[in-house]
Amino acid sequence: AGEKVVIKVTKDAAGKQEINHERTCRSLINTLNFAYDVFAVPTELLHVTAGGYLINVQLYIPQAVSFLERPLLEQFDFALRAFTAQENSRATTGAHLDLIKKTFGLMETKDYLSTFTNFVEANRADDAVSPLLKQVYQTLTTRALRVTQYGNFLTHNDFVPHNFRIKDNLLYLLDFSAIRFGNKHESWARFLNFMTLHHPALEQAFLTYFKSNRAAEEYESLHLMRLFRLGEIITYYRQTLPKSTGNLHTLNTARIMFWSAVLAAELQNTRVADSIRQAYQTTRDALRTEDEKQRQVGLH
């Protein structure tokens with residue numbers, strides 16, 4: 001009694017499908033004989049249909065401090081443990097692959113390449129971005145073997161701090177709908193790209209760790225996945241432009257410019273300049289609405 005809960009309610013067919021899919025992923029992920037105990041799972045208290053509505057209730061996971069408020073070493077340790085757990089979960093048999101394709105989805109090398117052709121097409125009219133994405137596609141194509149080498153691993157499409165919480169030294173995943181199987185460095189890539197903006201010191205700590213503790217082939221795979229995910233985020237904001245106006249349109253244009261600068265640096269295996277990051281953050285903060293600023297508080 002008196003405990004906080006998270007309630008999801010929808011009458012929309014697509015919304016119901018999303019909630020049910022996430023519930024299936026949440027219930028199955030830790031029962032797979034090759035992916036046991038990867039993530040701590042919030043307790044489900046209720047899942048019913050009533051009056052045409054689908055209602056799902058889960059126990060709220062409180063955390064004393066947000067991930068990015070923790071000391072750097074703690075952040076590194078929690079993230080590394082989560083990535084290592086994912087790396088220990090690889091589909092290696094036909095039965096494994098059949099199961100994960102049906103439930104979670106599987107990104108193979110051909111899927112990464114075909115998806116990236118969509119990114120290239122979506123940005124073809126941008127004279128600054130288009131050449132970058134074409135160069136990335138060429139890089140992914142010529143190094144496709146490296147993407148394949150680290151395939152069939154459990155990964156998370158959006159492994160960033162607002163999608164997990166930490167309680168009693170356990171990391172609880174909040175978004176199970178983004179679990180899929182693919183290149184094992186895809187989760188790492190999303191996380192490190194996020195930290196490029198929000199916490200460069202943690203990004204650098206992981207890059208140092210990779211160079212010191214992992215094979216050169218793994219570092220190359222991580223680099224390729226970072227390129228892929230940067231193309232994805234640029235395209236995401238590109239597709240918002242026709243539907244946005246005013247400050248939001250200006251903000252999303254600035255986002256495209258910033259992530260393109262990050263991509264250009266990553267293509268050279270370097271980091272984006274602090275001055276570019278700081279200039280973008282200043283622009284972003286000036287253009288955000290008060291509502292959005294409030295929504296960002298405590299997310300990370």
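I'd like the full set of residues that are assigned to a helix (DSSP H, G or I), within 19 Å of N157 (Cα to Cα) and small (G, A, S), limited to segment 91-129.
Passing the criteria: only S114.
Can you tell me how many residues within segment 1-11 are farther than 17 Å from L174 by Cβ, open to solvent by less than 90 Å² (accessible area, probe 1.4 Å) and either within 23 Å of the chain's Cα centre (by Cα) or without any contact (Cβ under 8 Å) to a residue 12 or more places away in the chain (or both)?
Result for segment 1-11: 1.
For segment 198-222, enumerate the residues that are open to solvent by 10 Å² or more (accessible area, probe 1.4 Å) and touching a residue at least 12 places away in the same chain (Cβ under 8 Å).
Applying the first criterion (open to solvent by 10 Å² or more (accessible area, probe 1.4 Å)) to segment 198-222 yields 198-201, 204-205, 208-209, 211-220.
Correct list: H198, H199, P200, A201, Q204, A205, Y209, E217, E218, E220.
For I276, state whether it is within 15 Å of L132 (Cβ to Cβ), over 20 Å from the mean Cα position of the chain (by Cα) and modelled with pLDDT of 95 or more.
Criteria met by I276.
Within segment 232-241, identify whether any single residue is within 20 Å of L202 (Cβ to Cβ), assigned to a helix (DSSP H, G or I) and within 21 Å of the chain's Cα centre (by Cα), and answer yes or no. Talk me through it step by step, then tell me what you get.
To start, the set of residues in segment 232-241 that are within 20 Å of L202 (Cβ to Cβ) comprises 233.
Now restrict to residues that are assigned to a helix (DSSP H, G or I): 233.
Subset that is within 21 Å of the chain's Cα centre (by Cα): 233.
Within segment 232-241, one or more residues are within 20 Å of L202 (Cβ to Cβ), assigned to a helix (DSSP H, G or I) and within 21 Å of the chain's Cα centre (by Cα).
Can you name the residue in segment 147-163 that is in a strand (DSSP E or B) and of a type outside the set (A, V, I, L, M, F, W, C) and is also farthest from H185 (Cα to Cα) among such residues? Talk me through it step by step, then tell me what you get.
If we filter segment 147-163 for residues that are in a strand (DSSP E or B), which is where we start, we get 153-156.
Add one more test, that the residue is of a type outside the set (A, V, I, L, M, F, W, C), and what stays is 155-156.
On the way: T155: 8, H156: 10 Å.
This residue is H156.
Only one residue in D127, D175 is on the phi < 0 side of the Ramachandran plot, without any contact (Cβ under 8 Å) to a residue 24 or more places away in the chain and either open to solvent by less than 30 Å² (accessible area, probe 1.4 Å) or of a type outside the set (A, V, I, L, M, F, W, C) (or both), so which one is that?
D127
Does segment 146-157 include one or more residues that are without any contact (Cβ under 8 Å) to a residue 12 or more places away in the chain, open to solvent by 20 Å² or more (accessible area, probe 1.4 Å) and out of contact with any Gly (no Cβ under 6 Å at 6 or more places or on another chain)? Quick ask: steps written out before the conclusion?
Kept after step one, since they are without any contact (Cβ under 8 Å) to a residue 12 or more places away in the chain, are these residues of segment 146-157: none.
Scanning segment 146-157 turns up no residue that is without any contact (Cβ under 8 Å) to a residue 12 or more places away in the chain, open to solvent by 20 Å² or more (accessible area, probe 1.4 Å) and out of contact with any Gly (no Cβ under 6 Å at 6 or more places or on another chain).
The values are calculated or read from the model by the stated rules, or taken from the named source; none is laboratory data. In this text the structure is predicted, and so the values were computed from the model without any measurement. Glycine gets a Cβ as well: all are built from the backbone with ideal geometry, and neighbour counts include every protein chain shown. Note: accessible area is taken over every heavy atom of the protein model, side chains too, but ligands, DNA and RNA are not part of it. Shrake-Rupley method; radii C 1.70, N 1.55, O 1.52, S 1.80 Å.
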